[in-house]
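Please treat every number below as a calculation from the coordinates, not as lab data. Computed from a prediction, not measured in an experiment: that's the story for all the values here. A quick note on method: Cβ atoms are made from the backbone with ideal geometry, for glycine too, and the neighbour counts reach across all protein chains shown.
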Amino acid sequence: MIDDIVLDHVAVAVQERRSTWGRYGHDLPPARYLGGGVGFGFANYQVEYPGLRLEVLRPARVDENDFLRRFLDRSGPGPHHLKFKVGDIAGAIGAAERAGYRPVGIDLSDPTWKEAFLHPRDIPGVVVQLAWTSNQWEDDYPDGWPERRTVKPGHPPAPPPAGTAPGGVALGGCPPSCPRTRRRGPTSSGSSGSNRWTPTPLPSRRAIR
């Protein structure tokens with residue numbers, strides 16, 4: 001059993017993310033835009049609803065890493081991964097191993113972002129990311145984000161107009177490189193031979209075969 005663990009977000013893969021802004025920024029309950037960026041093979045953004053955070057991924061910089069392009073070609077748009085935040089990444093890895101899972105794509109080298117993955121063959125059927133971060137980040141609403149609309153009782157305020165800050169800091173959403181573009185290439189320390197696997201980006205994200 002993993003102690004101090006919480007579901008951080010659900011991620012979906014799409015062909016073109018701007019086309020999803022109406023759905024996730026307007027049609028659903030008013031969302032707080034948390035930010036996004038570009039990494040090796042993907043671009044992303046996250047929004048937060050009452051009790052739920054959603055990440056949207058689209059292919060980008062495919063010449064550097066085509067994991068998301070291959071995922072969409074194989075499976076089409078849809079759910080991509082689950083990310084869980086943990087208070088102790090080493091303890092979470094050990095608990096997963098004791099439960100019979102084989103954590104892969106282990107990366108403990110960044111002092112502000114540490115992660116490991118559970119392969120969909122073991123779960124089964126979905127990529128799971130275990131991550132610890134001390135990073136805090138925030139971002140402006142992108143140009144073209146849906147305009148402010150009426151907020152129903154019990155929902156958070158609608159997003160401010162495009163180009164203004166969301167007025168809050170998102171905790172543990174994206175690794176240090178996400179809002180910008182710096183990021184090391186995929187690693188798979190902790191696995192070798194036939195068990196080597198390049199994980200899928202789950203907001204740092206890595207690649208899934």
> Across the stretch 20-65, what is the number of residues that are surrounded by fewer than 21 Cβ atoms within 10 Å (Cβ to Cβ) and polar (S, T, N, Q)?
Replying inline: 1
>> Would you confirm, using the coordinates I've provided, whether Val47 is free of Cβ contacts under 8 Å to residues at least 24 places away in the same chain and under 25 Å from Pro29 (Cα atoms)?
In response: yes
> Does Pro77 satisfy the condition of being in contact with a helix residue (DSSP H, G or I) (Cβ under 6 Å, 6 or more places away or on another chain) and not aliphatic (A, V, I, L, M)?
Replying inline: no
> Looking at the stretch 14-59, which of its residues are farther than 22 Å from Thr133 by Cβ and in a strand (DSSP E or B)?
Replying inline: Arg58, Pro59
